[in-house]
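Data first, discussion second: the structure below is written as structure tokens.
The values are calculated or read from the model by the stated rules, or taken from the named source; none is laboratory data. In this text the structure is predicted, and so the values were computed from the model without any measurement. When we count neighbours, we look across all protein chains shown, and the Cβ atoms used for this are built from the backbone with ideal geometry, even at glycine.
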Amino acid sequence: MMTINARERVLTSLAHEEPDRVPFTVTNLTPLFAEKFTKATGAVDPFDYFEADVYDVGFRSHSQTELRQTYGRYHTADVERIGNWGTGFKRGSMFHFEHFIPPLSEAESIKEIESYPLPDYTAPEHWGHLHQQVADLHQRGLAAMGWLECTLFEVAWQIRGMENFMVDMLIRPDWIELLLDRIMEVRIFMAEKYAEADVDILFVGDDIATQRDMLMSVEHWCRFFQPRLQKIIAAARRIKPGLHVAYHTDGNPAKVIPALMDAGVDVLNPVQPECIDPKWVKSTYGDKLSLFGTIGTQSVLPFGTPQEVAANVKERIATLKDRGGVILAPTHFIEPEVPVENLIAFVETVKEYGVY
């Protein structure tokens with residue numbers, strides 16, 4: 001068996017070739033699970049603890065002081081924090097859940113869309129660390145993934161409000177076109193900086209689907225989102241032509257997979273098994289599209305035994321690993337209900353049984 005490092009393993013698989021074993025990574029831990037994880041393992045960073053193959057890198061955010069100076073006037077109600085795009089947040093019912101408070105929910109004219117301040121990431125304080133961070137990961141033999149998820153749709157509806165945004169697509173499309181174009185320009189800049197930093201994967205996407213189907217018609221997605229996504233991807237690949245692009249959406253996006261691929265996406269995440277069959281995705285699109293995820297955080301990870309997790313991972317390996325094109329990972333954040341033993345079982349099974 002050939003000896004390769006994690007980065008080579010990931011890039012080989014994403015090139016639809018077979019490396020030494022199936023690559024894997026983990027996802028972020030929710031606060032309560034993080035406490036359980038540290039208590040059980042003595043570790044803080046699950047990526048290092050499990051020796052994951054893919055690590056995230058990201059832009060540095062604006063401070064709460066800056067965000068309140070910019071967006072405070074859009075929030076008449078007291079909010080606990082303000083996000084980078086001006087959305088307000090209040091603590092929800094439990095755990096990490098929060099209520100979204102959209103800053104433009106009461107907008108009455110397109111001029112308010114035009115004048116709304118979007119975040120400025122052009123200062124090096126937001127991206128200047130990326131080159132060294134990626135270089136350090138590469139020096140350690142690890143794959144680097146640039147985080148640009150919530151790329152268009154989720155940012156836009158969180159600014160405008162979900163119901164307003166959906167209605168706008170039908171009766172005020174010029175408002176939507178303007179807002180999305182402005183967001184797209186910010187995202188193009190960020191994608192270019194990731195490409196300049198030499199990330200291996202650009203991680204884009206929006207939750208555009210429910211458990212059963214799309215949140216909107218395919219026609220609306222292709223009108224408002226596909227061409228802008230394509231421009232973001234093209235801008236990054238002009239700088240790094242071989243860049244892999246992973247698109248994240250929970251739920252069942254089956255109807256737009258061809259359109260995603262036409263936009264330049266070559267990796268689909270998380271391929272949520274409760275909603276879409278990973279074997280079907282592999283058999284239908286696996287010659288050009290890689291699968292990233294597939295280990296259910298709604299099913300086997302929280303509610304299975306370690307033995308059932310291991311059996312599930314073995315099944316994924318058996319049905320998905322041929323000709324590469326797979327990175328195994330949990331399909332979402334690790335929630336408090338997940339036993340630490342189950343996450344350990346996932347990783348140990350990949351390492352033992354994912355060998356080619």
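Scanning the range 119-146 for residues that are more than 21 Å from the chain's Cα centre (by Cα) and of a type in the set (A, V, I, L, M) yields 123, 135.
Looking only at the range 62-80, count every residue that is within 30 Å of residue 136 (Cβ to Cβ) and either free of Cβ contacts under 8 Å to residues at least 24 places away in the same chain or among the basic types (Lys, Arg) (or both) and tell me the total. Walk me through it before giving the result.
Going through the range 62-80, the residues within 30 Å of residue 136 (Cβ to Cβ) turn out to be 62-67.
Subset that is either free of Cβ contacts under 8 Å to residues at least 24 places away in the same chain or among the basic types (Lys, Arg) (or both): 63-67.
The qualifying residues number 5.
Condition first: under 13 Å from residue 10 (Cα atoms) and in a strand (DSSP E or B). Now tell me which residues in the range 318-342 satisfy that. 326, 327, 328, 329, listed by residue number. Close contacts from the range 142-170, counting a first residue that is buried (at least 23 other Cβ atoms within 10 Å of the Cβ) and of a type in the set (S, T, N, Q) and a second that is at pLDDT 95 or above and outside any helix (DSSP H, G or I), with Cβ to Cβ under 7 Å and a gap of 6+ residues or different chains, come to 151/204; 151/205; 151/206.
Considering the range 147-163, and only residues there that are under 19 Å from the mean Cα position of the chain (by Cα) and assigned to a loop (DSSP other than H, G, I, E, B), the residue that is farthest from residue 246 (Cα to Cα) turns out to be 152.
When the range 129-141 is filtered for residues that are outside any helix (DSSP H, G or I) and exposed (fewer than 14 other Cβ atoms within 10 Å of the Cβ), the ones remaining, listed by number, are 140, 141. Each residue in the range 104-119 was checked for being in a loop (DSSP other than H, G, I, E, B) and among the hydrophobic types (A, V, I, L, M, F, W, C), and 3 of them qualify.
Applying the criterion of at least 1 residues that are closer than 30 Å to residue 170 by Cβ and in the same structural domain as residue 155 (by TED's automatic domain parsing) to the helices (runs of 4 or more DSSP H) found wholly in the range 204-314 leaves 218-224, 226-239, 257-263.
Just give me the residues in the range 102-125 being among the small types (Gly, Ala, Ser) and free of Cβ contacts under 8 Å to residues at least 12 places away in the same chain, in sequence order. Passing the criteria: 109, 115, 123. Restricting attention to the range 4-53, the residues being under 22 Å from residue 314 (Cβ atoms) and basic (Lys, Arg) number 2.
Right, residue 26: over 25 Å from residue 95 (Cα atoms), surrounded by 15 or more Cβ atoms within 10 Å (Cβ to Cβ), in contact (Cβ under 8 Å) with a residue 40 or more places away in the chain and β-branched (Val, Ile, Thr) or not? Here the answer is no, as residue 26 does not meet what is asked. The condition of being loosely packed, with under 15 Cβ neighbours inside 10 Å and more than 20 Å from residue 138 (Cβ to Cβ) holds for only one of 36, 111, that being 111.
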